[in-house]
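The values are calculated or read from the model by the stated rules, or taken from the named source; none is laboratory data. Everything numeric here is computed off the predicted structure, so don't read it as measured data. Counting neighbours? That spans all protein chains shown, and the Cβs are built from the backbone with ideal geometry, glycine included. Accessible surface is based on the protein model in full, side chains and every heavy atom, while ligands, DNA and RNA are left aside. Shrake-Rupley method; radii C 1.70, N 1.55, O 1.52, S 1.80 Å.
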Amino acid sequence: MRTRLLVAASCAALLALFVVDLRIQPGGERVTRNVDDIAQLLAATFAAVLGLRRGVRSQGQARTSWLLIGLAAGCWAAGEAVWSYFEVIADVDTPFPSLADAGYLLFPAFAAAGLLVWPSRAFAGRGRTRVALDALLISVSLFALSWSTVLSEVYRAHGASQLATVVSLAYPAGDLVLLTVVTIVISYAHNSDRARLAWIGAGLVAFAVADSGFAYLTTVGRYQTGNLIDACWVAGFLILGCGALRDTSHHEHDAPEQVTARTALLLPYLPAAVGTVAALWRLRNSPDDVLIMAAAGVIVLMLVVRQVVVQMDNRRLMVRIAHQARHDELTGLPNRALFMDRLTHALELHSRNLRGVTVLLLDLDDFKSVNDTLGHTAGDELLVSVGERLRASVRSADTVARLGGDEFALLIEDGGDPGEAAGRILANLEHPVRLNAGSVAIGASIGIATLEHHEAPVTTTELLARADIAMYGAKRQDKGGVRRYFAGLTDDGAGVDMPAALATDLAVGRLGVAFQPIQLADGNLYGFEALARWSYRGRAMPPAQFLPLARRLGKLPVVDHLVLRAALAAASGWADDLVVSVNVDGDTLADPTFVTRVRALLHHAGVPARRLAIEVLETSLVDRDGPVLETLGELRAMGVRMAVDGFGYSYLIGLHNLQPDIVKIDRRLTDATERTSTTTALLSGITHLAHQIGALVIAQSIETPIQLANATDSGCDAVQGFLLGVPGDPAGCLDLLRRHELGDAAPHRATIAAAINDQDPMCPKCRTGHSAQYGALAP
């Protein structure tokens, strides 16, 4: 860091001295000419050496990109060496054209190619038509500007030879291509990419200004070595060299402030505005210039077409989002939101018309073992197959939905026999499912809750809770069985004393908390998510099992308080810019005393409010409004960040009103990106919408390199999941932080995962050493 600052300061000082020499020429015109030539040669060599050095030290596309940029600077340096030979050694004017021009003209070609292969997320999720229109709009606009200032003069100045005219025109033409590529790539680039590209872009813009200025001055016979335009060449190459030096594997941890996606929308209009003004100015002085009139017409046409394309893209995106807002991306079945809507409607009909309502909850037996042994891809295949068999098992009037994970639900509204439906489902699941990884036998446990026509109305939550209790009863009694809910049936989990054990542990604060790292797209740590962990009889219980039990016991606010207290205590020992995220239930947020308790915990831990992010599930925001939103408003006024967890499609309408600081993409969407490009485009669209309101976007449950690449390519700012780090204890967090401070962790994702897995007792891949307090469980 200190070395880079020293080099940048030295370059700025040398550039200033160079400009002074050009202006006052203390040694006379000959000495200044020699200094000018040598300075340009050294600056280009500086950029070439550092660019090639960065390319050799980089990997993948970054390697190719920097090698091309270094080669471009090397070609220009070679051309400048030829130029300097004539002027410095031979002491004659450089002929035009000469071999020097060959080296000069290769620069924009290689530099543009280097930018086009830059490993940015520039065009992720963008339609080719949209990008092509922007490129055409920018190039025509820059042409109008160039024609009004440089090109027309070069074109009309017929020199001694046709070759000289072609070479003269090649300079501004190459600059047009280069500036178009710079503008397109930077305007579509994501925040972290844009910061890295700024140095390259600034250097290339300075070069293009010098190049076009040289072509114009040469054409009108006013160029001579020592002209101030030469300072732009020197500045451009010094900036490129500093950019190569700065683009290391470990970037400074910038605060995650958002440069919104409006940049990609608005930046192409800047050259369009400049080109239009230049065209009008040209037409004022040369009203018969047909070419500039045509350019102005094309600019106007492209602006209109671009607006139409943007509106069509947005409309298509919203149509797709609206379709998927109520359907599960993996199985195509109705999702939880649609199922809850239909269940609510069915219960309203029960209240008015005394119609019976039945809910069946189905949970696959031993599904986790499929994921563990065959992988998540096989697990997804199995869920798709189960969804198809369920759809074939029900009547057209019934609603079968996937609620999440391996849990499905069936709604029967018109008096159909639930026992018969459960029998058809189990019969269809008897046959093994054929997967790419092999055949798998799968069973299911079904819980049935029926609200008869003569029974008193209940809420959707109550009816689902009854089916849930019955389903767990079926699992305990005999996997692959069916159990009906009846009054007095209780969900005792793995034993009749499990609720009592959980209540006792919560009363004395015996609850574990694990921390999973959240990594920014550039490899730096953003923070950690705090996750509740609990063990029963020495066995780690899945959160999906003990958290619903805590809810039924009315103890979720206690869980939230204990996790929040432990999270802030751990965060007090971290760096000041790291955020800790804590999941908080809607019931807890509805408590009017919650804000006061958060303020007290922050004060006791000595942690600034800005370092705390309260995560609230999207479903809580959909199902609730007043008290929850009021609490979130008070927390944000304190400086606490607000995150929407499990964000998918159904809360898009409320996204603008809530204005969250953080949006955590639902794992179903990140899982699905591994299968279809359409889902990746949807993820890009949702990320774009979240950026429009200034929210940081985190992709959850990243478990494969493909998911990681799709998340970053879609513009997500940060990622979280087992691929990057499993949940660990506070000591593991401190060890990971030390690794980052020493530069041994980011952005090498595999190293991060290995660093945690090597010492973390909760690693799901290891065979021994699991902590009984925390448990090797996914959040």
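With the requirement that a residue be polar (S, T, N, Q), part of a helix (DSSP H, G or I) and at pLDDT 90 or above, what does the range 345-380 give you?
Within the range 345-380, no residue meets the criteria.
Restrict the check to the range 318-333 and report whether at least one residue is within 17 Å of Leu133 (Cα to Cα), in a helix (DSSP H, G or I) and aliphatic (A, V, I, L, M).
No, there is no match, as no residue in the range 318-333 is within 17 Å of Leu133 (Cα to Cα), in a helix (DSSP H, G or I) and aliphatic (A, V, I, L, M).
Are there any pairs, at least 6 apart or on different chains, whose C-beta atoms fall under 8 Å, with the first in the range 373-397 and in contact (Cβ under 8 Å) with a residue 40 or more places away in the chain and among the hydrophobic types (A, V, I, L, M, F, W, C) and the second assigned to a loop (DSSP other than H, G, I, E, B) and open to solvent by 80 Å² or more (accessible area, probe 1.4 Å), and if so, which?
From residues that are in contact (Cβ under 8 Å) with a residue 40 or more places away in the chain and among the hydrophobic types (A, V, I, L, M, F, W, C), the pairs are Ala378/Asn436.
Does Val88 satisfy the condition of being among the β-branched types (Val, Ile, Thr), outside any helix (DSSP H, G or I) and either in contact with a helix residue (DSSP H, G or I) (Cβ under 6 Å, 6 or more places away or on another chain) or at pLDDT below 90 (or both)?
Taking the combined requirement at face value, the residue does not satisfy it.
Identify, please: which residue in the range 381-400 is of a type in the set (Asp, Glu) and open to solvent by 30 Å² or more (accessible area, probe 1.4 Å) and is, among those, modelled with the lowest pLDDT?
Glu381
Of everything in the range 21-45 that's under 46 Å from the mean Cα position of the chain (by Cα) and without any contact (Cβ under 8 Å) to a residue 60 or more places away in the chain, which residue is nearest to Leu245 (Cα to Cα)?
Thr45
Just to be sure, is Leu403 in a strand (DSSP E or B) and open to solvent by less than 10 Å² (accessible area, probe 1.4 Å)?
When the stated conditions are applied, Leu403 does not pass them.
Which one of the conditions (1) part of a helix (DSSP H, G or I); (2) under 24 Å from Phe722 (Cα atoms); (3) polar (S, T, N, Q) does Thr504 fail to meet, given that it meets all the rest?
Condition not satisfied by Thr504: (2).
Per-residue answers, yes or no, for (1) modelled with pLDDT of 80 or more; (2) open to solvent by less than 40 Å² (accessible area, probe 1.4 Å):
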| residue | (1), (2) |
| --- | --- |
| Leu682 | no, yes |
| Thr687 | yes, yes |
| Gln692 | yes, no |
| Ser701 | yes, yes |
| Thr712 | yes, yes |
| Gly725 | yes, yes |
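On the phi > 0 side of the Ramachandran plot, open to solvent by 20 Å² or more (accessible area, probe 1.4 Å) and under 41 Å from the mean Cα position of the chain (by Cα) - does that describe any residue in the range 51-66?
There is at least one residue in the range 51-66 that is on the phi > 0 side of the Ramachandran plot, open to solvent by 20 Å² or more (accessible area, probe 1.4 Å) and under 41 Å from the mean Cα position of the chain (by Cα).
Any residue in the range 525-540 that is surrounded by fewer than 21 Cβ atoms within 10 Å (Cβ to Cβ), touching a strand residue (DSSP E or B) at 6+ places or on another chain (Cβ under 9 Å) and among the aliphatic types (A, V, I, L, M)?
yes
So which residues in the range 567-595 are touching a Gly at 6+ places or on another chain (Cβ under 8 Å) and hydroxyl-bearing (Ser, Thr, Tyr)?
Ser572, Ser581
Among the candidates Ile425, Ile321, single out the residue that is over 30 Å from Gln707 (Cβ atoms) and hydrophobic (A, V, I, L, M, F, W, C).
Ile425
For Ile614, all conditions in the list (1) in a helix (DSSP H, G or I); (2) modelled with pLDDT of 85 or more; (3) surrounded by 21 or more Cβ atoms within 10 Å (Cβ to Cβ) hold save one; what is the number of the exception?
(1)
May I ask you to list pairs of residues, at least six apart or on different chains, whose Cβ atoms are under 8 Å apart, with the first in the range 583-598 being over 23 Å from Phe528 (Cα atoms) and the second being aliphatic (A, V, I, L, M) and not in a loop (DSSP other than H, G, I, E, B)?
Cβ pairs passing all conditions: Asp587/Leu556; Ala590/Val628.
State which residue pairs qualify: first residue open to solvent by less than 60 Å² (accessible area, probe 1.4 Å) and inside the range 1-15, second residue of a type outside the set (A, V, I, L, M) and outside any helix (DSSP H, G or I) in any location, beta carbons under 8 Å apart, and separation of 6 or more residues or different chains.
Qualifying pairs under 8 Å: none.
If you scan the range 430-468, which residues turn out to be free of Cβ contacts under 8 Å to residues at least 40 places away in the same chain and hydrophobic (A, V, I, L, M, F, W, C)?
If the condition is that a residue be free of Cβ contacts under 8 Å to residues at least 40 places away in the same chain and hydrophobic (A, V, I, L, M, F, W, C), then Ala441, Ala456 are the ones that fit.
Report those helices (runs of 4 or more DSSP H) wholly inside the range 179-289 carrying at least 1 residues which are open to solvent by 10 Å² or more (accessible area, probe 1.4 Å), aromatic (Phe, Trp, Tyr) and modelled with pLDDT of 70 or more.
Here the list reads 191-219, 230-246, 269-285.
Does the range 348-371 hold any residues that are polar (S, T, N, Q), surrounded by 13 or more Cβ atoms within 10 Å (Cβ to Cβ) and within 11 Å of His453 (Cα to Cα), and which are they?
Scanning the range 348-371 gives a single hit, Thr358.
Taking Thr673 as meeting all but one of (1) at pLDDT 75 or above; (2) buried (at least 22 other Cβ atoms within 10 Å of the Cβ), write down the number of the exception.
The failed condition is (1).
Provide a single number: the residues in the range 436-473 that are open to solvent by 20 Å² or more (accessible area, probe 1.4 Å), farther than 26 Å from Arg552 by Cβ and of a type in the set (A, V, I, L, M).
Result for the range 436-473: 2.
Assuming Leu301 fulfils every condition listed in (1) farther than 28 Å from Asn428 by Cβ; (2) open to solvent by less than 20 Å² (accessible area, probe 1.4 Å) apart from one, which condition is it?
Going through (1) farther than 28 Å from Asn428 by Cβ; (2) open to solvent by less than 20 Å² (accessible area, probe 1.4 Å) one by one, Leu301 breaks only (2).
List every residue pair whose Cβ atoms sit under 8 Å apart, with the two residues 6 or more apart in sequence or on different chains, where the first one lies in the range 88-117 and is under 30 Å from Arg63 (Cβ atoms) and open to solvent by 20 Å² or more (accessible area, probe 1.4 Å) and the second, anywhere, is of a type in the set (Ser, Thr, Tyr) and not in a loop (DSSP other than H, G, I, E, B).
So the pair list comes out as Leu105/Tyr171; Val117/Thr64; Val117/Ser65.
Quick check on my filter: what residues within the range 409-439 are assigned to a strand (DSSP E or B) and either within 15 Å of Glu388 (Cα to Cα) or at pLDDT below 85 (or both)?
Within the range 409-439, Ala409, Leu410, Val433, Arg434, Leu435, Gly438, Ser439 qualify.
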